[in-house]
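Q: This is the structure I want to talk about, given as structure tokens.
The values are calculated or read from the model by the stated rules, or taken from the named source; none is laboratory data. Not measured: the values here are computed from a predicted model. Cβ: placed from backbone, ideal geometry, glycine included. Neighbour counts: every protein chain shown.
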Amino acid sequence: MNKLVIRDWSEADRPREKLMEKGRRALSDAELLAILIGSGSREESAVALCRRILAGVRNNLNNLSKLEARELCAYKGIGEAKAISIIAAMELGRRRSDSELEEQLILNSSRRAYDYFKAYMQDLGHEEFWVLYLNTGCKLIGKQIIGRGGNDFTPVDIRTILRYALQFRANSLILVHNHPSGTLKPSKADTLLTKRIVSAASLMEIAVNDHLIFTDKSYYSFRDEGLL
């Protein structure tokens with residue numbers, strides 16, 4: 001099937017030329033996406049295709065950013081390469097927002113840590129274990145995923161946690177993992193792991209400020225519950 005590339009469109013329907021002439025702010029979301037995917041099909045221009053994709057997510061870029069490659073490929077005209085381009089662009093946008101936020105981010109309470117990190121943990125169908133690394137003023141200086149597992153287990157290497165602590169020159173850290181089941185109560189394994197990490201970190205004079213368990217709707221703080 002022949003494709004219509006941007007240079008073959010009518011002058012009024014060329015988002016690249018529009019960006020050069022009028023600036024990035026003049027383009028619609030669909031036009032910006034069209035620049036990413038580059039071409040449509042014989043039946044549909046790239047702009048029309050992107051309008052259809054956006055309509056499928058209620059014209060909400062946050063909803064678009066949650067789509068996986070297979071979900072994007074379900075749209076006629078979107079193959080794996082185009083899907084990956086869209087996902088990469090959305091991830092860059094998210095990381096830019098993170099960078100701007102992290103410049104002045106102080107995580108000195110469980111609520112602040114939860115509000116900052118909940119976007120990373122929402123809608124996950126598997127467990128992930130992360131560590132947030134802080135300086136002496138509880139300012140975030142780094143974050144790292146340590147383990148990714150199934151529905152109820154994530155392998156965690158304490159040596160990896162401490163190696164990153166040295167790389168970031170962290171003075172303290174916050175442990176974070178999620179429970180896809182929605183259960184907030186820590187398991188015996190969660191409690192034992194926390195104690196082991198606290199003990200190992202103390203040998204390097206690094207404090208464990210908290211261990212947070214996330215669900216899609218709330219969180220549990222070991223510090224707030226008197227377990228640290």
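Q: Hey, any hits in region 54-72 for a residue that's touching a residue at least 40 places away in the same chain (Cβ under 8 Å), closer than 23 Å to G125 by Cβ, of a type in the set (A, V, I, L, M, F, W, C) and assigned by TED's automatic domain parsing to the domain that holds L27?
A: No; the residues of region 54-72 include none that is touching a residue at least 40 places away in the same chain (Cβ under 8 Å), closer than 23 Å to G125 by Cβ, of a type in the set (A, V, I, L, M, F, W, C) and assigned by TED's automatic domain parsing to the domain that holds L27.
Q: Take the conditions within 27 Å of I158 (Cβ to Cβ) and either touching a Cys at 6+ places or on another chain (Cβ under 6 Å) or buried (at least 20 other Cβ atoms within 10 Å of the Cβ) (or both) and apply them to N108. Does it pass?
A: yes
Q: Any residue in region 19-27 that is small (G, A, S) and under 27 Å from the mean Cα position of the chain (by Cα)?
A: No: region 19-27 contains no residue that is small (G, A, S) and under 27 Å from the mean Cα position of the chain (by Cα).
Q: Please tell me if L193 is in contact (Cβ under 8 Å) with a residue 40 or more places away in the chain, crowded, with 19+ Cβ neighbours inside 10 Å and within 21 Å of Y114 (Cα to Cα).
A: no
Q: If you go through region 146-159 one residue at a time, do you hit one that is out of contact with any Phe, Trp or Tyr (no Cβ under 8 Å at 6 or more places or on another chain) and part of a helix (DSSP H, G or I)?
A: Within region 146-159 (the criterion being out of contact with any Phe, Trp or Tyr (no Cβ under 8 Å at 6 or more places or on another chain) and part of a helix (DSSP H, G or I)), the answer is yes, since at least one residue qualifies.
Q: Related question: So which of G137, G182 is at pLDDT 90 or above and small (G, A, S)? Show your work before the answer.
A: Values: G182 fails: at pLDDT 90 or above.
The conditions single out G137.
Q: Can you run down the residue pairs with Cβ atoms below 6 Å, 6 or more apart or on separate chains, where the first is in region 138-150 and free of Cβ contacts under 8 Å to residues at least 60 places away in the same chain and the partner is of a type in the set (S, T, Y)?
A: I141/Y133; G142/Y133; Q144/Y164; I146/T160; G147/T154
Q: Filter region 101-134 down to the residues that are modelled with pLDDT of 90 or more, part of a helix (DSSP H, G or I) and touching a strand residue (DSSP E or B) at 6+ places or on another chain (Cβ under 9 Å) and list them by number.
A: First pass over region 101-134, keeping only residues modelled with pLDDT of 90 or more: 106-117, 127-134.
Still in the list and also part of a helix (DSSP H, G or I): 110-117.
If the condition is that a residue be modelled with pLDDT of 90 or more, part of a helix (DSSP H, G or I) and touching a strand residue (DSSP E or B) at 6+ places or on another chain (Cβ under 9 Å), then S110, R111, R112, A113, Y114, Y116, F117 are the ones that fit.
Q: If you scan region 139-166, which residues turn out to be loosely packed, with under 15 Cβ neighbours inside 10 Å and in contact with a Gly (Cβ under 8 Å, 6 or more places away or on another chain)?
A: Hits for region 139-166 are N151, P155, D157.
Q: Can you tell me which of N135, N178, N209 is crowded, with 17+ Cβ neighbours inside 10 Å and more than 19 Å from A119 (Cβ to Cβ)?
A: It is N209.
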